[in-house]
Each structure stands twice: as structure tokens, then as C-alpha cells.
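Working notes, structure below.
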Amino acid sequence: MKIHEYQAKGILRQHGVAVPRGDVAYSAAEARDIAVRLAGRVVVKAQIHAGGRGKGGGVKLADTPDQAESLAKAMLGMKLVTPQTGPEGKVVRRLLVEEALERDREMYLGLVIDRASERAVMIASKAGGMEIEEVAAATPHLILKETVDPSLGLQQYQARKLAFGLGLDGALVSQAVKIMMGLHRVFEATDASLLEINPLVTTTSGTVLALDAKINFDDNALYRHPDLRELRDLTEEEPLEIEASKFSINYIKLNGNVGCMVNGAGLAMATMDIIKLAGGEPANFLDVGGGATADQVTNAFRIILSDPNVKAVLINIFGGIMRCDIVAQGVVQAAAQVGVKTPVVVRLEGTNREAGQKILKESGLNFTVAEGMKDAAEKVVSLAGGRR
Amino acid sequence: MSILVNEDSGVVVQGLTGKEGAFHARACKAYHDTRVVAGVTPGKGGQLVDDIPVYNTVAEAVAEQRVNVSLIFVPPAFAADAILEAAGAGVVLVVCITEGIPTLDMIRVKTSLARGRTRLIGPNCPGIISPERAKIGIMPGAIHKRGPVGVVSRSGTLTYEGVDQLTRRGIGQTTCIGIGGDPIPGTTFIDTLALFQKDPETRAILMIGEIGGTAEEEAAAFIKREVTKPVVAFVAGRTAPPGKRMGHAGAIIAGGHGTAGEKVHALLAAGITVADSPAALGETVEKVLKERS
């Protein structure tokens, strides 16, 4: 799960990590009030779940509360397009108004799960304000790493090593160490999967602060963090994906015209791939769950067909322990209930396959029965209007 | 031979009294008389599920029955604890089916297991089967057949797809392992490849990967160095968009890395045969088996 910058900074503040003073505004008037309270130059930052906001005009300076108000007025409701949002952009609904600081240096600080070493790793770099992947590719010697021992946690000496490595000295070292230790506490306390401070800055007045903040949480751990679940902003998510998640269906919307309904995530990905190989474009990823019960298939049909681009649907179920005749009955029942008009290609595999295929053929509904994945992909691509 | 499990394996099912646990314990037992000899559900010790005795702790089950494998069906909030309990009781192989265990829990579990001799398969996996010998998992037994191919995969149903294609061509399997779709798996591709390489009955290996992480790249380097048997690989998710979790917790292209393209490139560079289509898994394995015989 992703959260907004202002929410991430709130969490950091609670754990003793230095962040600029500021608050969230939902209206121009609120933005003005915050600017008045902060008494000085402020920065108005659009809050969307995507990076690169500065490049799209989503981060602006205001010298006076009046200016902050008019900037906020212009920004709220606007479609912000950044390198990470795609061409369609994202509507700005919230702003962070915070004190503007005279920065001296910009650095990078992050904490991620390194899947290769199976440890949390803290990453620091002198090259702040840029995408860390680009820094790693172009100037790998500027990337500093400290691996966290899971039974000990991040140690002071490791943080010191990183702070000195960043070229900090004097009082700045202990401030940076405090931030790093706090960051690790946040990581553990929230079950984060990624934490990024980009940039971490030193100011001309001699302080170290987290000027930006990004936290992603491990979805698997949200059950034990009811407070963090409250931070979810549904307006940032694809409505069909939210709808699917209510039924424990994994659905991801894509741009093609062949809807897919598959049991199992790996098979669902492979089904998308084979549609592409057959010359079509998948409209979605959808894992209907291991069982593929009538209820789940009904819900999945509704979600897939809510996408107006879908011209044909491929159902690929590897029955396994679930019998194919039961799955077929469920598919027929669901299609009738939803009133499916779109052509549907069904590939069933597993126990009682023939019985399942017979049920589909005799249903009187618009089903095409396929043998194997290749045949299924070719049939559905042709029904969706042929190769693109 | 097969790897890790065979007709001598004695299984304790943690979470046997639950709906899923009972259903699959029955299916495992029904598959070539896999020795499912005990169950564990705290507070339900003394009960029987289909003649299988239930104990309160894994330690009791181990003391009373000949157990060397645990099969776990407990909910995600209790699964890490269940794995550690099995390891603490001296069980050498733990197969965890549970999906949804927090990543930080898994990091702690793996750190603890590294100090002992327990191997974990999963979590978030279909389990392990040595065809016609023993089934310890949730896969459909009937699609499997005993034979020369070792199968290892990060997926569930896509593994069944691969196995089914093999069996339809008359090609059997030594052992099929689902290592699971999580970012921190107990057993990796490399662990499994090393075991298949040593197993005299395994003549070829089918490895099914997917987007996310670098497990396929690491496997490619390992195969080049250590594996002399032919390996056929497939990577699911060539059409997956970046930044989106494709069902499995571990299937995500992050920071531009973990793409199917990168993985296929690494595998091809290591001289491994890569099947382009998920419909060509059986066909490709058949081809490499013929070339080598």
C-alpha cells in the first residue's frame, strides 16, 4: 500500500525523524491558513501517489499567504502529469504546505528489502534528488549500503559509517545518524516494504532534514496495522481494482481488449503472455482464486466487463482439485446471471474436463470451447477482432 | 530416486482440524498412501481426523509418531510461529502452503532456520510431490507421473500446466516443487537445482519463473557453473506492467528491474533453453531430452 508524502512525514515525525514544519490542505483557504501559521516563505506540494511532481509543476514556492492561496487554487483539481503518472496524469486533491528551507546539499537515503540477501538494506548516496536506480546505473560508486541484521536491527556504527560516507561532519553527523536510526524504527514499526527520503538535505542553518518522504507498506502485514490502513486514499487507485479487492480477486487493469479470467497468479500472467504471442493485447490480469467458485466467477465477469474496451473474454481454469464440471456449471450460472453478451472462450483442464466442456457447449450461451492454451489464445484474439 | 520426499516421508499437518487442512490431508493420504501420521492444532490434542491423531504441539507429534515433514495450513498471522515450532521440534522439512505472511516475519524466520538444519519450502506455494511416491501439498495428484524430469516453479497452477504438458507427452517427473510466490522463499531455485543435479534419476529440469526479484538471474549463473543436466526455463509476465503486484507478493517489477526480458536474457546468456510460450513447456522439455539421449 502506498501513502502520501504528508502522511509519511507524519509517521517520520512521530519516530523522531526531522522533517520540515507543515500541514495538509484540502482547500485554498486551508493552504492560506497554514502559510499564515508557518509565517514565512512556504512550498506548496501536490499530493499524488507518484514521483517526479516537481517536473510536472506540482511543487511551487510562495512568498506570502496570498500567493500560497492562489497557487493552491490553481493546483487543486488540476491533472498533474509526471514521468511516473503516465500521459493521463492524476488529479490533485490534497496539498502539503510546508516551510521553505535554504538547502545546502541534497542527498539520498532509503531502506528497502533486498531480495537477494533477504535482509533490509539501508542505502545512502551523495547524489540526491535523482532516481536512485539511475544513480546506481550511471555512478555505482556513489551508492553506499549497509545490511541490517534482522536479529539486531540497524546499529549506530552502521549509521555513522553512512553519515561519514555522505561527507557530513560535525553536528550534522549525529543529526543524520538520528534520522537513520529513526528511519529503521519506522521500517520495523510499520512493516514497510520501501522507505525513501529523496532528498535528504542539509540546510544553510546547519540542520539535516527529510525534505521528501515515501513509504510503501507490506500488504501482507496490514492486518496488524489498523491505524495504517486508515491512510489508504482510494481516489488514488483504479476503481475496478478496488471493486475486485472487495471479493479477494486480484485484478489489474491493462490497455488491451481481451479480458482474462484465470485461477492462479502465475497462470494468469502466462495467459496474458500467450494472448500477446497470438497477436492480441490483454485487457487485464485477473486471478479468480484457486477454487473458481460460481460466486467468484460472477464477480470476475462483472469486473472484466465493466471495462468498455473488452471485446472478448478468455477463461483459463486449471481445475486441479476442483472438478471441471463444477467449474463449468459455475461459469454458465455466472454468465447467465451477469447477462454476458461478449464472446467468451473457455479452456478447462483437469478432472472431468469432457463433462465440463459438454455443459458449456449445451448451455445455449456464447461460449467457445478451446483445447489447450494456444488454441484458446488464438480463438479469443480472433473473436476480439484479430491481430493488432 | 526423488528429492526431499518419498514413500518413507512421515507427515504432520499443522492446522489439520481446519477445513483446508483436513481436506488436503485426506487428498495427500489418498495419493499412493502418503504417510500422513499426525496433526497439530493447539487445544485440540486427543481428537482424531480420519484416524489421524491430533496433538497440541509439534513436539508431542514428533515424540509419538515417526515424523520428518510438516505441512502447514495455519492462517498467515500464525504461520511464522508454526514454521518455527516445527523447526524447534526437529522436523527437517517444513512445507508452508499459507499465503500472506508478512515479509519481515519471513526474514526473521529464515535467519532462525539458517542456524539449524530445517529446510522450508514456501510459503505461498502448492507444496512438493514425488509422483507415485508421496504428495505433500495441494496439487492435483492425478496429473503427475513418475519419470525423469525435475520441476521447480514459483507458481501454483502454472506448475500444474507444465506438469500436465509433460505427462500428456508421456514424460514423468522425479519431483515437482513449488517454491512459492513470495519475495523471501524458504527454498530457492538454486537450492532445488543443486538437489536435482545430484539426483541420479533426474535427467532434465523444468524451471518456471516469473517477474520480480533476481532469482532467475541467480539461477542462470548457478546453472552455468554447476548444472550439467539440461534445463528448460519459462518466465511468466512478459506483458506485466511495471510497479504492479501481479497477484503474488513477489511478482513485481520494481525500479525498472525484475522484468521478464532481463530474466530471459540472463537465462539465454547462460546457455539455457527458454520456452517462449507457456503452451510449449512439455514440447521443449521433450526436445532437450531427445537431444541429450
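Only the coordinates and a few stated rules stand behind these numbers; no lab work does. Just so it is clear, the model here is predicted, and its values are computed rather than measured. A quick note on method: Cβ atoms are made from the backbone with ideal geometry, for glycine too, and the neighbour counts reach across all protein chains shown.
One table, with the values for the structure above:
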item: Gyration tensor (Cα) of region A:110-158, equivalent ellipsoid semi-axes in angstrom; result: 22, 12, 8
item: Fraction of alpha-carbon pairs over 19 Å apart in region B:1-104 - percent; result: 35
item: Percent of beta bridges antiparallel (DSSP, the protein assembly as shown, rounded to nearest 5); result: 55
item: Between region B:48-113 and region A:11-26, the Cα center-to-center distance that results, in Å; result: 42
item: Charge dipole (debye, nearest 20) of the protein assembly as shown; +1 at Cβ of Lys and Arg, -1 at Cβ of Asp and Glu; result: 600
item: Alpha-carbon Debye profile of region B:96-210, log10 I(q)/I(0) at 0.11, 0.17, 0.21 Å⁻¹; result: -0.34, -0.78, -1.12
item: Cα coordinate range in region A:96-179, projected on the principal axes (Å, largest first); result: 38, 29, 29
item: Förster radius 51 Å - calculated FRET efficiency between A:Lys79 and A:Leu152, Cβ distance, rounded to 0.05; result: 0.65
item: Mean Cβ count within 10 Å, highest first, over the residues of peptides B:53-60, B:280-287; result: B:280-287, B:53-60
item: Cα extents of region B:108-151 along the three principal axes, largest first (Å); result: 36, 20, 15
item: Projected-area average for region B:157-293 over all orientations - Cα convex hull basis, square nanometres; result: 7.7
item: Test item: A:276-283 mean partner chain Cβ contacts at 10 Å; result: 2
item: For residues of A:366-372, the mean tally of beta carbons on other chains within 10 Å; result: 1
item: Selection from B:Gly282, B:Leu48, B:Ala251 lying farthest towards where the dipole of chain B points positive, charges on Cβ; result: B:Gly282
item: Value of Rg/Rh across region B:141-203 [Cα atoms, Kirkwood radius]; result: 0.97
item: Calculated SAXS-style log₁₀ I(q)/I(0) at q = 0.22, 0.24, 0.27, 0.29 Å⁻¹ - region B:214-268, Debye, Cα scatterers; result: -0.83, -0.93, -1.09, -1.19
item: Part-to-part distance (alpha-carbon centres) for region A:296-361 and region A:59-111, which is given in Å; result: 46
item: Shielding by other protein chains, A:255-268, mean Cβ within 10 Å; result: 6
item: Protection proxy ranking, peptides B:176-184, B:76-84, average beta carbon neighbours within 10 Å, highest first; result: B:176-184, B:76-84
item: Sites A:Ala116 and B:Arg26, calculated FRET efficiency, Cβ-Cβ separation with R0 30 Å, nearest 0.05; result: 0.15
item: Cα centroid separation - region A:150-211 against region B:225-286, whole Å; result: 37
item: Net charge over other residues, Cβ less than 12 angstrom from the Cβ of A:Gly266 (K, R count +1; D, E count -1); result: -3
item: For region B:25-168, convex hull volume per residue from C-alpha positions, Å³; result: 111
item: Normalised alpha carbon radius of gyration of chain B [divisor 2.2 N^0.38 Å]; result: 0.97
item: Computed Rg/Rh of region B:14-69, alpha carbon atoms with Kirkwood Rh; result: 0.93
item: Spacing of the two label points (7 Å from each Cα toward its C-beta) at B:Asp8 and A:Ala18, in nm; result: 6.4
item: Antiparallel content of DSSP bridges confined to chain A, in %, to 5; result: 75
item: Isotropic mean projected area of the C-alpha convex hull, chain A (nm²); result: 22.0
item: Share antiparallel - DSSP beta bridges, region A:218-333, percent rounded to 5; result: 35
item: Debye intensity ratio I(q)/I(0), log10, region A:92-138, q values 0.13 Å⁻¹ (C-alpha model); result: -0.49
item: Highest average packing first - A:127-135, B:145-153, B:62-70, Cβ atoms within 10 Å; result: B:145-153, B:62-70, A:127-135
item: Taking all pairs of distinct alpha-carbon atoms in the protein assembly as shown, Kirkwood radius in angstrom; result: 26.8
item: Along principal axes, Cα extents of region A:1-117, largest first, whole Å; result: 51, 37, 26
item: Share of alpha-carbon pairs per 5 Å distance bin for region B:82-156, given as whole %; result: 3, 14, 24, 22, 18, 10, 7, 1
item: All-pairs Cα distance distribution in region A:193-334, expressed in whole percent, bin size 10 Å; result: 10, 31, 27, 17, 8, 5, 1, 0
item: Three-way shape label, region A:318-357, alpha-carbon gyration tensor, a/c 1.5; result: prolate
item: Cβ-derived FRET efficiency at R0 56 Å, B:Ala59 paired with A:Asn255, nearest 0.05; result: 0.55
item: Rh (Kirkwood; distinct C-alpha pairs) - region A:310-388, Å; result: 12.5
